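**Student:** Could you have a look at this structure, given as structure tokens, before my questions?
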Amino acid sequence: MPRSHLSIDLSVINQIQIYCQKQFPDPAYGILAGTTHHITHFFPIANLNPSYCSFEFEPREYLETIKKLRTLNLDWIGMIHSHPFNEAYPTLRDLNQWCYGEKSCWIISLRKKEIHLCAYYIQLNQQVTSIIYEIL
């Protein structure tokens, strides 16, 4: 069952912002991890497909990240990706390609000067539920 409350460290948000801005104008991707409901780590993962229509994690980076999660005894809490030119809301592509079950979907919009970070749960029927989160 999805967690009803999530928190994220400000340092993680800063890492995400820096990484996403370096990837601009391409979308950026990564895994968010921590303990139970608290996100303490961001693991960027390269996208093999630079198209805006789909994404595919670089397999070695993905596997190394999963190993790090296990080594550090971290929970895989969510996925993050950037929308360089769109709002921080799941696109039709996001909905169609979401296959991460009960993990949270985080989107950072770089569309405006001030970044906008939102989090959601996406059900397999493409129902989107906003997550209210706390920044620590």
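The values are calculated or read from the model by the stated rules, or taken from the named source; none is laboratory data. The structure displayed is predicted, hence computed values, not measured ones. Cβ coordinates were reconstructed from backbone atoms using ideal geometry, including for glycine residues, and neighbour counts include every protein chain displayed.
**Student:** Test residue 48 against the stated conditions and say whether it is at pLDDT below 95, in contact with a Cys (Cβ under 7 Å, 6 or more places away or on another chain) and either among the hydrophobic types (A, V, I, L, M, F, W, C) or buried (at least 19 other Cβ atoms within 10 Å of the Cβ) (or both).
**Tutor:** Details: at pLDDT below 95: yes; in contact with a Cys (Cβ under 7 Å, 6 or more places away or on another chain): no; either among the hydrophobic types (A, V, I, L, M, F, W, C) or buried (at least 19 other Cβ atoms within 10 Å of the Cβ) (or both): yes.
In short, no.
**Student:** So, one more: Among the residues of region 92-108, what is the count of those that are more than 16 Å from residue 8 (Cα to Cα) and touching a Phe, Trp or Tyr at 6+ places or on another chain (Cβ under 8 Å)? I'd like the intermediate steps shown before the answer.
**Tutor:** Quick first cut of region 92-108, residues more than 16 Å from residue 8 (Cα to Cα) only: 92-102.
If we keep only those that are touching a Phe, Trp or Tyr at 6+ places or on another chain (Cβ under 8 Å) as well, we get 93, 97, 102.
Number of matching residues: 3.
**Student:** If I filter region 54-72 for residues that are without any contact (Cβ under 8 Å) to a residue 60 or more places away in the chain, among the aliphatic types (A, V, I, L, M), buried (at least 19 other Cβ atoms within 10 Å of the Cβ) and not in a loop (DSSP other than H, G, I, E, B), do I get at least one hit?
**Tutor:** no
**Student:** Let me ask something else. Among the numbered criteria (1) loosely packed, with under 13 Cβ neighbours inside 10 Å; (2) free of Cβ contacts under 8 Å to residues at least 60 places away in the same chain; (3) more than 16 Å from the chain's Cα centre (by Cα); (4) not in a helix (DSSP H, G or I), which single criterion is violated by residue 85?
**Tutor:** Of the numbered conditions (1) loosely packed, with under 13 Cβ neighbours inside 10 Å; (2) free of Cβ contacts under 8 Å to residues at least 60 places away in the same chain; (3) more than 16 Å from the chain's Cα centre (by Cα); (4) not in a helix (DSSP H, G or I), the odd one out for residue 85 is (2).
**Student:** Could you check region 1-35 and list, in sequence order, the residues that are assigned to a loop (DSSP other than H, G, I, E, B) and at pLDDT 85 or above?
**Tutor:** 9, 24, 25, 26, 27, 28
**Student:** Which residues, counting only those in region 103-136, are surrounded by 12 or more Cβ atoms within 10 Å (Cβ to Cβ), part of a loop (DSSP other than H, G, I, E, B) and touching a residue at least 24 places away in the same chain (Cβ under 8 Å)?
**Tutor:** Passing the criteria: 103, 110, 111, 115, 126, 136.
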